[in-house]
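See structure below.
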Amino acid sequence: MSPRTLPACFRVMTFNLRFENDRDGDHAWSLRKDFVVEVVRACKPAILGTQEGTPGQLDFLREHLPDYTMAAPDRPFDPTCQYPTLFYETGRFHRADSGEFWLSHTPPVHRSKSWDSAFPRMMGYGLLEDREVGKTFYVSVTHLDHLGAEARVGQARMIAEWIRAHPGPHILMGDFNQPPDSRVHEILTDPRIGLLDTWQVLGKGQGPEGWTHHDFHGVPHKFRMDWILAGRSFDVVRAEIVRDHKDGVYPSDHFPYWADLCWAS
């Protein structure tokens, strides 16, 4: 029996969608969107965290993934924004709470940014109850800045402080725009925070086989920037980078990444 089918286990997937950009030509969202849905359905994550989704892209996912609920009930959708967004299987989880805030000195202020951040960045979260085991946990989705080195450290510290202020099991996923030997990774996997890198837990390599950005060409480059971090309440039993494509066409410029987590006994 695969880990995905065990009652105490579930699959978590992080997926940078690549925002809807008219300049993407053959890689435009309109040509990829059905494939994105196909990949999600094939992987069957119980929890999906997306990055770079604009309101239109998120509406498309919400419409074509009817088994999932988007955890952003109070979000004021702004067409100029790219949102890190949490989706969860409605039948498996009950949402007890959810929210989001901007990674800046003024978290409630819409589109606020601080340090040297090139763009406004945010984190969204949900407090989910696993109906199958009756346990509650936090799951968060974020996307750190791609240019501002100072900003990424400040944003990581904000997230770490938020996790410490909200006791209980945690899962954090997203595009961190940093390699696993970075200060950002060190902050978020500090023992006081309690998160572990699911890829590293399984002893997987740090070479190109783990890199997740490929710029629509299928050849990974840069480093492993898409992470799923999980607390010690979970055992990591399997993880995979999804490299699906059709005739050289990929669903995004990032490879999605999923990990199977089981409640620790």
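A short reminder: the numbers here are calculations on the coordinates, not readings from a lab. Source: prediction; values computed, not measured. Heads up, the Cβs are rebuilt from the backbone with ideal geometry, glycines too, and the neighbour counts pull from every protein chain shown.
Over its Cα atoms, what ratio of radius of gyration to 2.2 N^0.38 Å does region 37-91 give?
Expressed relative to 2.2 N^0.38 Å, the Cα Rg reads 1.08.
Under the 0.36 nm per residue contour assumption, what length would be gained going from the current alpha-carbon distance of Ala96 and His110 to full extension? Mind dumping the intermediate values first?
Numbers: separation 14, 0.36 × 14 = 5.04 nm, distance 2.39 nm.
Net length gain for the segment: 2.6 nm.
Using +1 on the beta carbon of Lys and Arg, -1 on that of Asp and Glu, and nothing else charged, what's the dipole of region 3-263 about the Cα centre, debye to 20?
500
log10 I(q)/I(0), Debye, Cα-only region 80-147, no solvent, q = 0.20 Å⁻¹?
Taken in order of the listed q values, log10 I(q)/I(0) reads -0.78.
For region 1-128, would you read off the P(r) tail past 18 Å as a percentage of all alpha carbon pairs? Provide the component values of the computation, followed by the final result.
Working: 4583 of 8128 pairs.
The calculated P(r) of region 1-128 puts 56 percent of pairs beyond 18 Å.
So for the pair Phe119, Ala165, with labels modelled 7 Å out along Cα→Cβ, what separation do we get in nm?
2.5
Using a 4.7 Å Cβ cut-off, which Cys residues in the chain lack a partner cysteine?
Lacking a cysteine Cβ partner under 4.7 Å: Cys43, Cys81.
Just want to confirm a number: the relative contact order over the chain, from Cα pairs under 8 angstrom separated by 6+ residues, in percent.
20
Binning at 5 Å from 0, report for region 3-263 what percent of all alpha-carbon pair distances ends up in each bin.
Final binned percentages: 1, 6, 14, 19, 22, 18, 13, 6, 1, 0.
Work out from phi, with θ = phi - 60° and the Karplus expression 6.51 cos²θ - 1.76 cosθ + 1.60, the ³J(HN,Hα) of each residue of region 229-239, listed in order in whole Hz, and give x for Gly and Pro.
Along region 229-239, the couplings run 10, 9, x, 6, 6, 10, 9, 8, 10, 6, 8 Hz.
Relative to the present Cα-Cα distance, how much length would full extension add between Asp22 and Arg232 at 0.36 nm per residue of separation?
Numbers: separation 210, 0.36 × 210 = 75.60 nm, distance 4.24 nm.
Extra length from Asp22 to Arg232 when fully extended: 71.4 nm.
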